[in-house]
Amino acid sequence: MLNTREQEIIDFLKNHSGSSSKEIFENIPISDSYATIKRSLTKLISNNYITSEGKGKGTKYFLSPSFSIIQPIDIDTYFKKEIDEREIQETFNFVLITDVLKKQTLFTENELNKLRLLQEKYKANIAQLSNSEYQKEIERLAIDLSWKSSQIEGNTYSLLETERLLKEKQTASGKTKEEAVMLLNHKDALDFILENKDFMETLSLSKIEDIHNILTKELGIERKVRKRRVGISGTNYKPLDNEFQILEALQNTCNLINYKKNIFEKALISLALISYIQPFMDGNKRTARIISNAILINHDYCPLSFRTVDSIDYKKAMLLFYEQNNISNFKEIFIDQFEFAVNTYF
């Protein structure tokens, strides 16, 4: 989170864009030295919160175009307001995909350095595993991912019950057939990705539909892109309700992900945007999690199980993205889960 000094600088620049460091120093209500303010400005630039133009005494400071997307937001404070009290962007934001996310970097350099080091650790670890050892670890991760991804959607299987189902095809007593099918479909989708590793070399609408079809088979869920309105519980955000606009948004998302070079950004954007678009009547977040993992696997990056994510925290981070187009909390979940996966499975 921003400290008091950094928040004061941000608040000042919101109303006084293009100010110099001297003007910031003289006008913010913080009794810090000029050198301290300069250090804070350097830190804010490195975190992509602000930008600068010019050199020396002529340097001017501005809020970064990506600030609203990545600014830290205390999620507990945000959700203290009831659904109808929150000021939100209720309608779908096309510009977010076609312009804002295309131009901006979502990770700070410090975050990317952390992720790169973890990826190097993952590569070094799997290089020491035999093929059978690697497959065993992938199987563990697949069980955990199937369980957690389904739990986020309300599935009541425990992790042990999920393991028994996926390994021995033994259903748990007192559970519905649909819950078992949901879990088995996750495993089938992951198996498909692992067997067709290059499947996500380039993302396309048909490939998103393919993954959705595997995840929703035998669940009575419509498989094609929806043609009518869908509501989301817990928010007043309204996804697109026009089939052709949904298809356009999905195509723009595929273009954006294919355009991005950084694999972590590709994975994070797919995780957020497929959920944001809500292209299907059901199974959207499941599809997003598998697509994101398919991108990581395609590029030999460590996949995520999301095992330690609290389901409510995940949903809140997603709602924050829907309502404010702010990815800060969702990005934190992504980074934490990448670290967890590298340290836990490999």
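A few remarks follow.
- Cβ-to-Cβ counts within 10 Å put Glu53, Glu85 in ascending order as Glu85, Glu53, the fewest first.
- All-pairs Cα distance distribution in the stretch 4-64, expressed in whole percent, bin size 10 Å: 24, 65, 10
- Using the Cβ-Cβ distance between Glu222 and Thr91 with R0 = 25 Å, the FRET efficiency computed as 1/(1 + (r/R0)^6) comes to roughly 0.60.
- Averaging 1/r across all pairs of distinct Cα atoms in the stretch 63-196 and inverting the result yields a Kirkwood radius of 19.1 Å.
- On the basis of the beta-carbon distance and an R0 of 51 Å, Val181 and Ser68 show a calculated FRET efficiency of 0.80.
- Net length gained if the chain between Thr98 and Leu205 were fully extended (0.36 nm per residue, minus Cα distance): 36.9 nm
- Relative contact order (%) - criterion: Cα under 8 Å, at least six apart; region: the chain: 21 percent
- For a straight C-alpha distance cut-off of 17 angstrom, the lysines reachable from Lys123 (same-chain residues fewer than eight places away being disregarded) are Lys114, Lys136, Lys197.
- Estimated FRET transfer efficiency (Ser173, Asn110; beta-carbon r; R0 41 Å; 0.05): 0.25
- Projected over every direction and averaged, the convex hull enclosing the alpha-carbon atoms of the chain yields 19.4 nm².
- Computed on the Cα atoms alone, the convex hull of the stretch 235-336 gives a volume of 99 cubic angstrom per residue.
- Exposure proxy order (Cβ contacts within 10 Å, fewest to most) of Lys175, Lys80: Lys80, Lys175
- Placing a pseudo-label 7 Å from each Cα along the Cα-to-Cβ vector at Asp84 and Ser46 gives an inter-label distance of 4.7 nm.
- From its DSSP helices (H runs of at least four residues, each -39,500 (n - 2.57)), the chain gives a residue-normalised ellipticity at 222 nm of -18500 deg cm²/dmol.
- Cβ-based exposure ranking for Asp241, Asp300, in which fewest neighbours within 10 Å come first: Asp300, Asp241
Just so you know, all these numbers are worked out from the coordinates, no wet-lab data involved. Here the structure is a predicted model, which means the values were calculated and not measured. In this analysis, Cβ positions are derived from the backbone assuming ideal geometry, glycine residues included, and neighbour counts consider all displayed protein chains.
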